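Trainee: What follows is a single structure, and I will ask about it in a moment.
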Amino acid sequence: MSTQVAVVLSVLLFPGGLFALTLGLALKGMDRRVAARLQGRVGPPLTQPFIDLVKLAFKRTMVPTTACEPVFLGAPLVGVVSMLTAAALVPISGLYTPEPVLGNLLVVLYLLVVPGVVLMVAGSSSSSPYGAIGFSREMVLMLAYEGPIVLVAAAVALRVGMAEGHIATFSLAEIVAYQRTHGMFLLDPVMWPAVGAFCLFFPANLGIVPFDIPEAETEVLEGPVLEYSGPALGLFKVMSALKAVVVLGLGIALFAPLDLTGAPAFLGWLAEIVVLMVLGVTAVRLSAGRMRIDQAFSFFFKWPLLLSAASVAAIALA
């Protein structure tokens, strides 16, 4: 099989495409069901995200008369394509390794920026005042959490690169291979601050409480996506589901890849995804209240930034 065909299949089928979308929607359903059980409610069925997506596909897309229609309709499509591509670049230890040229940590981080930019473009193109508020909040939040995640990536790249005689290694395949040989970074005390910084990053990147500030339903009525409906709104749901898989999968690749192969590796990876979803998403959003945008901004410039910088400094001085 040629490299080009393999790349297309990985983007459209596995580990991106159909597989990532199915897993992402299943995780969304599990999140809602577990949250309901913890609150003493029955909750929706696990298939509710799939049902919602099908319903949206058959509804009409309404475009505000004052909106910039090409940008308004094109923004969610760009977000979906970026996350399909990112999902194909995240390795699954012992089962799937992306092409060395493409599977680069920096490329994945660049792609993870796209959904936030898409939300800002969507909010500004809709001509809605709530969209404009969501735009400004999303921009401030991105400025806050992008710094720490860059330092987290630098810590991982330096840890692997310096151990192998290089300055830094950003290849995800090499990062996973190093941990399979020398042990996962989750058990490395030097990397614990970086692990903590990443755990604080991904709730903000996924837009959940306490960092759902740009789309706060009780304040700005979903903000950037308020004017969206039908298939266009469905594309935002698809983008969100894919991004959950990308962020959680990236966390596992950076800090906790299992030293397994074949079916056990796949089942172990799925188990890690589920545990990370329950502990890092469901438990967090049920136990915290929404921050103000100024609180979130100062929070990220205190704790995640200091934690990630601490790991970088410890590695550099070692």
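Trainee: Could you check the stretch 233-250 and list, in sequence order, the residues that are small (Gly, Ala, Ser) and open to solvent by 10 Å² or more (accessible area, probe 1.4 Å)?
Mentor: Residue satisfying the conditions is SER240 alone.
Trainee: Test of understanding: among GLU146, GLU138, GLU99, which residue is under 30 Å from ALA265 (Cβ atoms) and open to solvent by 10 Å² or more (accessible area, probe 1.4 Å)?
Mentor: GLU99
Trainee: With VAL90, VAL42 as the choices, which residue is open to solvent by less than 70 Å² (accessible area, probe 1.4 Å), modelled with pLDDT of 85 or more and assigned to a loop (DSSP other than H, G, I, E, B)?
Mentor: None of the other options fit; the residue is VAL90.
Trainee: Please work out which one of (1) without any contact (Cβ under 8 Å) to a residue 60 or more places away in the chain; (2) closer than 26 Å to ALA20 by Cα; (3) open to solvent by 10 Å² or more (accessible area, probe 1.4 Å); (4) small (Gly, Ala, Ser) is the condition SER171 fails and give its number.
Mentor: Failed condition: (1).
Trainee: A further question on this structure: Test GLU99 against the criterion of being in contact (Cβ under 8 Å) with a residue 60 or more places away in the chain, under 14 Å from PHE236 (Cβ atoms) and within 21 Å of the chain's Cα centre (by Cα), and give yes or no.
Mentor: So GLU99 fails the test.
Trainee: Using the structure shown, decide if PHE211 is among the aromatic types (Phe, Trp, Tyr), under 30 Å from LEU95 (Cβ atoms) and either within 16 Å of the chain's Cα centre (by Cα) or assigned to a loop (DSSP other than H, G, I, E, B) (or both).
Mentor: The answer is no for PHE211.
Trainee: Related question: Give the stretch 184-208 a look and list any residue that's of a type outside the set (Val, Ile, Thr), farther than 11 Å from PRO304 by Cβ and either open to solvent by 20 Å² or more (accessible area, probe 1.4 Å) or over 11 Å from the mean Cα position of the chain (by Cα) (or both), or say none.
Mentor: Correct list: MET184, PHE185, LEU186, LEU187, ASP188, PRO189, MET191, TRP192, LEU206, GLY207.
Trainee: I would also like to ask the following. Taking the conditions exactly as written (open to solvent by 10 Å² or more (accessible area, probe 1.4 Å) and of a type in the set (S, T, N, Q)), does SER308 satisfy them or not?
Mentor: So SER308 does not fit the description; no.
Trainee: From the residues in the stretch 1-33 that are crowded, with 16+ Cβ neighbours inside 10 Å and β-branched (Val, Ile, Thr), which one is farthest from VAL281 (Cα to Cα)?
Mentor: Ranking the candidates gives VAL7 first.
Trainee: Any idea which of ALA263, ALA271 is of a type in the set (A, V, I, L, M), at pLDDT 95 or above, over 16 Å from the mean Cα position of the chain (by Cα) and surrounded by fewer than 22 Cβ atoms within 10 Å (Cβ to Cβ)?
Mentor: After ruling out the rest, the residue left standing is ALA271.
Trainee: Assess whether PHE72 counts as being among the aromatic types (Phe, Trp, Tyr), open to solvent by 50 Å² or more (accessible area, probe 1.4 Å) and in a helix (DSSP H, G or I).
Mentor: So PHE72 fails the test.
The values are calculated or read from the model by the stated rules, or taken from the named source; none is laboratory data. The shown structure was predicted, so the numbers you read here are calculated from the model rather than taken from an experiment. Backbone-built Cβ (ideal geometry, glycine too); neighbour counts: all protein chains shown. Ligands, DNA and RNA are excluded from the accessible area calculation, which covers all protein heavy atoms including side chains. Shrake-Rupley method; radii C 1.70, N 1.55, O 1.52, S 1.80 Å.
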